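Just below is one structure, and these are the notes that go with it.
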Amino acid sequence: MKLIHLRNKSIDTKQWDNCIAQSKNHLTYAFSWYLNVVSPEWEALVSKDYEYVMPLPVKSRYGFPYLVQPPLTQQLGIFSKHEITQNVVEKFMKEIPYFSYELNLNEHNFYEKALIYPNFILDINKPYNDISSTYSKNCKRNVSKSVANNLRIQHNITKESFLSFYFSTEKHYLSPKQPVLKELIDKGISENSLKLYGVYSVDNKLVAGLCLLESNNRLTYLLSSSNSEGKKLSAMFFLIDYIIKKYAGKDYVLDFEGSKIEGISRLYRGFGAKYHPYYILKRFRPSFLIRK
């Protein structure tokens, strides 16, 4: 298989997006509209007729080009409607045209030299009662508590409401940068691939919010936030249970994006989500590239 390195302006985005949409391992992050926001100068390795593709998120510092995983993008790697064999993965890895990189490969891109990171995915194509019956005891207790608190879900809260709430609640987070997140929300909504949900208390205060990606029967739990009152009211349990109930019985999976933080991963596992690893590959990461 011959691979071609394409600079940004040479990428046929129609062929690219067709490949991503048809791929067995489709992820919203890999569509051209998403990459254009989080990695504006992205490049690509592609095979003939875009049968196999791999985005290259290029950045440059002090005139030194390198690859780095973009913000708000848990996984990228190789995508195809065909089987991605170990030989295919090795072929792409050998032909990465940059010396320094940090790349998150998707779960179908196993590479023995890569680090393994956890992700959690819930299959929600079963009836809601079947899914909820497998919730952990702690999860069931918190869902019941949230229902008793008379919380209210609002669809399509405004971008301004979500961002104001998120950045006032998650003050210690340096990433994502506000302009990038604003642009991503705008573009995601215009592509009909992103929804904003809010949870309101009985006195009509916003206590939790969620930015959810949706494409090709995959829901991705992109960003969430809950303030101190929301945590007391178990608002996030209420919201996740609502999402599961809304899509249950349809051919969807809910991708929680995983976490190495035990408390967060316990929350996802509590809803019945299963472990799905992905892979991180690093090569020559000097300090002047890594530091913010």
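The values are calculated or read from the model by the stated rules, or taken from the named source; none is laboratory data. Please read all numbers here as calculations on a predicted model, not as lab measurements. Every residue, glycine among them, receives a Cβ derived from its backbone with ideal geometry; neighbour counts consider all protein chains shown.
All conditions but one from (1) crowded, with 19+ Cβ neighbours inside 10 Å; (2) closer than 30 Å to residue 81 by Cα apply to residue 113; the one that does not is (1). The sole residue among 161, 146 that is small (Gly, Ala, Ser) and surrounded by 19 or more Cβ atoms within 10 Å (Cβ to Cβ) is 146.
Applying the set (1) within 27 Å of residue 263 (Cβ to Cβ); (2) at pLDDT below 95; (3) of a type outside the set (Val, Ile, Thr) to residue 215 leaves exactly one unmet item: (1). Out of all the residues in region 89-110, is one or more modelled with pLDDT of 95 or more, buried (at least 17 other Cβ atoms within 10 Å of the Cβ), touching a helix residue (DSSP H, G or I) at 6+ places or on another chain (Cβ under 7 Å) and within 24 Å of residue 21 (Cα to Cα)? Yes, region 89-110 contains at least one residue that is modelled with pLDDT of 95 or more, buried (at least 17 other Cβ atoms within 10 Å of the Cβ), touching a helix residue (DSSP H, G or I) at 6+ places or on another chain (Cβ under 7 Å) and within 24 Å of residue 21 (Cα to Cα). Within region 127-158, the set of residues being outside any helix (DSSP H, G or I) and either touching a residue at least 60 places away in the same chain (Cβ under 8 Å) or not assigned by TED's automatic domain parsing to the domain that holds residue 224 (or both) comprises 127, 134, 135, 136, 149, 151, 153.
You will find that of 186, 130, the residue that is among the acidic types (Asp, Glu) and touching a helix residue (DSSP H, G or I) at 6+ places or on another chain (Cβ under 9 Å) is 186 and no other. If the condition is being surrounded by fewer than 19 Cβ atoms within 10 Å (Cβ to Cβ) and within 19 Å of residue 234 (Cα to Cα), then region 170-197 contributes only 170. Scanning region 139-158 for residues that are within 12 Å of residue 209 (Cα to Cα) and touching an Asp or Glu at 6+ places or on another chain (Cβ under 7 Å) yields a count of 0. Evaluating residue 212 against the criteria (1) out of contact with any Lys or Arg (no Cβ under 6 Å at 6 or more places or on another chain); (2) in a strand (DSSP E or B) leaves one unmet condition, (1).
As an exercise: evaluate residue 203 against (1) more than 26 Å from residue 77 (Cβ to Cβ); (2) acidic (Asp, Glu); (3) touching a Ser or Thr at 6+ places or on another chain (Cβ under 8 Å) and give the number of the one condition it does not meet. That leaves (3) as the condition not met.
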